[in-house]
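Here the structure comes first, spelled out in structure tokens, and everything after it is commentary.
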Amino acid sequence: MTKSPNFLIIVADDLGWSDVGAFGSEINTPNLDTLAKEGLRFTDFHTASACSPTRSMLLSGTDNHLAGLGQMAEFASRMHQWDDYPGYEGYLNWRVAALPEILKEKYDNIISGKWHLGLTKETSPSARGFEKVFSLLPGAGHHYKDYKPSDDTYKEKGDDLKKLLPSLYMSGNEFIDADKELPEDFYSSDYFTTKLEGFLNEHYSKDKDRPFFAYLPFTAPHWPLQAPRQLIEKYAGRYNQGPDALRLSRLKKQENLGLYSSIRDGPPAEVSTGDEKEWSEMREEERKFSSKTMEVYAAMVERLDWNVGRIIQYLKEKGEYDNTFVLFMSDNGAEGAILENVPLRGGKVSDIIRQRYDNSLDNLGNRNSFTWYGPRWALAATAPSRDFKSYISEGGIRCPLIVRFPPIIQNPGSISHTFTTVMDITPTVLELAGIEHPYPRYAERDVLPVRGKSWVKHLATGTSVYNEELDFTGWELFGQRAIRRGPWKAIYVPVSSAFFYLSQKLRDGRRGDSKWKLYNIKEDRAESNDLSESRPDILQELINYWTLYVSETGLIPVIEN
């Protein structure tokens, strides 16, 4: 390559493993499917089990416990037991050099979408190297312009819902009043894309001699599930057979696509959601409501894909498509939360939503509705893996990844089964950009090195990214622990105290047992065959690696009751 490449990093929010057509979905995603046909799909790509830790790893190239998100941003800012510990600041800390900071001398850095790495000017995108900024700072937001009823409900309950979904936007390095400055026809995926196009127009009029680094982190399809009405209607009746039928159809398509093999990867995980009703046990109105939430979700995903297509077309018109490294990923596994269990100061979320929103069947998906789809649909999306977002098992951390970059990808349309992580994105971008990471000093401060590894050689030749004998990767969130080396993965889930977050989210009664378990992920994608007793030697090796991981990252193990 003689010309420096551009970069377009697209992140979907809580998108499931098989929610894109190229990964087994029935949802209409022609633009992402085309990216897959022209690029490379990854089946063993891993993130953190929740969004803000993943984003800290993406933009730093190192572990979330080092980068400031050792706990989810929302918990780090509200629960102060981590206040004295580096790595638990609740924002992208200053011990890391953020990717746009490193790139800014050579690249025009652009963000349009969700940040989730700091709520102040000092921790905002502008402070970390982005020059052109439109950003939602917290972890979620209404997809339409914030709905406010005309009665006194908002006055009574608005403060609590603002804690759940604060409309905290920045344009450049200034906060904006979303009520006044967002257009009435605001829809998150559309508007983020429109703002990105505007920034790119500005780039080509003023900064065209520099390449660009564009970061497009959508808030879709994160709850609340809201989408254009005509798209929701398109999926009417599509999910009337229920989530288990959807799960089986997606598994079959994954096998046909070569993404999953029951012979190679083992049988899929069993479905277990505790006291959640089976589809056959639901009343007709319950099934209609549940399937409608999935219809809205599918519409959100299709609209996200349509917006990806807008940016692709823009790049084609500028003649920059083939010189742009395009990456699409999800930030964690599908969201299976039952939000009605989450308490707020003014009462349960479900009580507040019932008073403020219209969740009647015909109104679901509109701007004045507020809903989610629950664990059963999430498990359909994460199959063949076990569990979903917030869990350290594969369903929570294995995500879809597509990379398109013709200059080095030799076999477009192929599938990579090699192990990779979200920490690898920063070193990959830096190598392609021809820029060295500044460790140990950047901007007169000490900075940490990256822990991820570049994919450049893998994209060109297919060689492994990680050495299965020497390299290890760890995860920890909500007290759940995991360590992996090669095909081996050990998991430790505490009994109860560390599950404070999940116990608020789930009704299924699942808890850990505070015992290490061992799985061969290559042969058992579902993590259903515990080998801790038959291979205690491997388990002990991984526990030793866990101890090393703790010492290297400074993570604070949760104290169990």
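Tell me, how many Å apart are the Cα centres for region 257-294 and for region 432-454? Distance between centres, Cα-based: 43 Å. For Tyr519, the solvent-accessible surface with a 1.4 Å probe is about 10 Å², rounded to the nearest 10.
Could you check the spin-label model distance between Leu548 and Asp207? Points 7 Å from the Cα along Cα→Cβ, value in nm. Using points 7 Å along Cα→Cβ, the separation is 4.1 nm. Which shape class applies to region 292-389: rounded if a/c is under 1.5, otherwise prolate when a/b exceeds b/c and oblate if not, where a ≥ b ≥ c are the square roots of the Cα gyration tensor eigenvalues? Prolate, since a/c reaches 1.5 and a/b exceeds b/c. Sparsely packed loop sites in region 1-106 (the trypsin sites (Lys or Arg not before Pro) outside DSSP H, G, I, E and B with at most 12 other Cβ atoms within 10 Å) comprise Lys3. An oblate overall shape is assigned to region 217-317, the ratio a/c of its alpha-carbon gyration tensor axes (a ≥ b ≥ c) being 1.5 or greater and a/b not exceeding b/c. Take the Cα of Ala236, step 7 Å toward its Cβ, do the same at Glu278, and the gap between the two points is 3.1 nm.
Since only Pro228, Gly129, Leu339 are under comparison, the one whose Cα sits farthest along the positive direction of the charge dipole of the chain, derived from C-beta charges on Lys, Arg, Asp and Glu, is Pro228. Shape index of the chain: Rg/Rh, with Rg the Cα radius of gyration and Rh the Kirkwood radius from the inverse mean 1/r over Cα pairs, equals 0.93.
In plain terms, the chain is cut at each of the GluC sites (Glu not before Pro) found in a DSSP loop with at most 13 other Cβ atoms within 10 Å, and the longest leftover piece is 279-435.
The calculated 222 nm mean residue ellipticity attributable to helices in the chain amounts to -9500 deg cm²/dmol, summing -39500 (n - 2.57) over DSSP H runs of n ≥ 4 and dividing by all residues. May I ask which of Lys234/Lys389; Lys106/Lys318; Lys106/Lys316; Lys195/Lys292; Lys206/Lys318; Lys106/Lys389 have a Cα-Cα span longer than 25 Å here? Exceeds cut-off: Lys234/Lys389; Lys195/Lys292; Lys106/Lys389.
The values are calculated or read from the model by the stated rules, or taken from the named source; none is laboratory data. Nothing here was measured: the structure is a model prediction, and the numbers come from that model. Every residue, glycine as well, gets a Cβ built from its backbone with ideal geometry; the counts of neighbours run over all protein chains shown. The protein model used for the area step is the full one, side chains on, heavy atoms only, and it has no ligands, DNA or RNA in it. Shrake-Rupley method; radii C 1.70, N 1.55, O 1.52, S 1.80 Å.
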